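What follows is calculated from the coordinates using simple rules that are stated; it is not laboratory data. The structure displayed is predicted, hence computed values, not measured ones. FYI the Cβ positions are ideal-geometry reconstructions off the backbone, even for glycines, and counts take in every protein chain you see.
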Amino acid sequence: MYFVLNNEQEAFKKMARDFTENEIKPVARELDENEEFPWELLQKLEDVGLANLGVPEQYGGPGIDSLSYSLIIEELSRGCAGLVVTSSANGNSLAFYPLLLGGTEEQKERIITPICEEGKLVSFSLTEPGAGSDIGAISTTAKKENGEYIINGTKCFITNASYAAYHTVFANVIQNDGTKKLSVFMVDGSTPGVIPGKKEKKMGIRCSDTAELIFEDVRVPEENLIGNEGDGFKLAMKTLDMARPSVGAIALGIAQAAYEEALTYSKDRVQFGRPICENQAIQFMLADMATEIEAARLLVYQASWLKDKYYEDGSPFTRQAAFAKLYASDVAMKVATDAVQILGGYGYTREFMVEKYMHDAKIMQIFEGTNQIQRQLIAANILK
Ligand SMILES: Cc1cc2nc3c(=O)[nH]c(=O)nc-3n(C[C@H](O)[C@H](O)[C@H](O)COP(=O)(O)OP(=O)(O)OC[C@H]3O[C@@H](n4cnc5c(N)ncnc54)[C@H](O)[C@@H]3O)c2cc1C
């Protein structure tokens, strides 16, 4: 195994780190406090070419390898995970993958290219009030009629739902015999009957938008069906495989930021006449943090590398993608909690960023398949 980044990967990492220091960190706390959608930062990411990272060049994305992609996400997440979730729900990971994996050339050029060029947002609309971990329980329907599908249903917890120009929507096409085929549609957000609903007030990633999305007799042309009727489950699972290394990378960035702040603070804070880092209790916490972050990093980088191999030759990487998401998010939660502990009472206040890292870390264990579901998936994979 060869663990050295190439020059291009180093350059992306540096560029993202500079962006984080200069653009994100100065405003991250304020955006979080005000629960303000980060339009300006999204535009700046677009301007420097750090948006839609998962999109190939021919459709308007940067066309970078998946390890560079994760390096960038990790660095940006040291600044604000809410911004990165907003950007990642778009072409970075979730929403475009069904189309990239199962769409025709015509669909990709017609839908992805203008969205990238115009800097618009897309949502990945899978979850419903009755269908979270269990996507087999999806109740949104699509009825075929005269060359169109008519979609009805309610989605919830959808990132970017209030602002997206397009929605990647999972719905069941009801067959003549009454059976259902889970399918995916690209739905133009301006179509009559697409109604953004209640916005969630969240524990963390508070500058990101999470909202309900209601579909009332929404007419979608049949050319916006991705793949065939019945491809929905397969495309959802493959999309989540592709996205999990990115969730791991966001978690890694949060953990790294929390660790850095705790390390600095432990050298400055004096109690009992010496810096608190001179106590073994603090040293062991820092040592565990550093070790676990490094282990998470290796899993995230490995899964990212395997993602490219999947593109090249179809090699499976479901297990490694789940390892990366599961481990890195558990590490982020633990490291951020310990970082708050190292800062003591000050860590519990909003004056210090470790408080934000701790509340942002929690969602990493929940979305894109909870960590219980990751463990189930890994167990099924090793027992098959
Ligand atoms: C901020 C935020 C952003 C999100 N963004 C999106 C988005 O863009 N698009 C989208 O489609 N969804 C999105 N989601 C939804 C997210 O993916 C779901 O919340 C998640 O999959 C879990 O579903 P649930 O909340 O219904 O929990 P449930 O499925 O009800 O699970 C509740 C608890 O039960 C456990 N559990 C459930 N089933 C089992 C089982 N079989 N075995 C063991 N334990 C089990 C779970 O692990 C969890 O601990 C988002 C959610 C949040 C909070």
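Assorted remarks:
- Computed magnitude of the charge dipole of the chain (debye, nearest 20; Cβ of K, R +1, Cβ of D, E -1): 1080 debye
- The chain: angle of helix 371-383 to the longest principal axis, Cα-based, in degrees nearest 10: 80 degrees
- More than 33 Å apart - percent of Cα-Cα pairs taken over the chain: 30 percent
- Report note on the peptides 233-244, 133-144, 2-13: ranked by the mean count of other C-beta atoms within 10 Å, highest first, their order is 233-244, 133-144, 2-13.
- Across the chain, Cα pairs under 8 Å and at least six residues apart give a relative contact order of 16 percent.
- Estimated FRET transfer efficiency (Lys199, Lys267; beta-carbon r; R0 45 Å; 0.05): 0.65
- Chain lengthening between Thr141 and Leu298 when straightened (0.36 nm per residue, less Cα-Cα): 52.4 nm
- Rounded, prolate or oblate (a/c below 1.5 giving rounded, otherwise prolate when a/b exceeds b/c) for the range 197-310 by Cα gyration tensor: oblate
- Mean residue ellipticity at 222 nm, helices only, the chain: -16000 deg cm²/dmol; runs of at least 4 DSSP H residues each add -39,500 (n - 2.57), and the sum is divided by the number of residues.
- Computed over all pairs of different Cα atoms, the Kirkwood value for the hydrodynamic radius of the range 155-243 is 14.2 Å.
- Working ranking of peptides 226-232, 319-325 by packing, defined as the average number of other Cβ atoms within 10 Å per residue, highest first, is 319-325, 226-232.
- Globularity ratio of the range 31-105, using Cα Rg and 2.2 N^0.38 Å: 1.12
- Axis of helix 354-364 versus longest Cα principal axis of the chain: the two differ by about 30°, to the nearest ten degrees.
- In this Cβ point-charge picture (+1 for Lys and Arg, -1 for Asp and Glu), the range 255-384 has a dipole of about 320 debye about its Cα centre.
- Taking a ≥ b ≥ c as the square roots of the Cα gyration tensor eigenvalues, the range 112-183 comes out oblate, since a/c reaches at least 1.5 and a/b does not exceed b/c.
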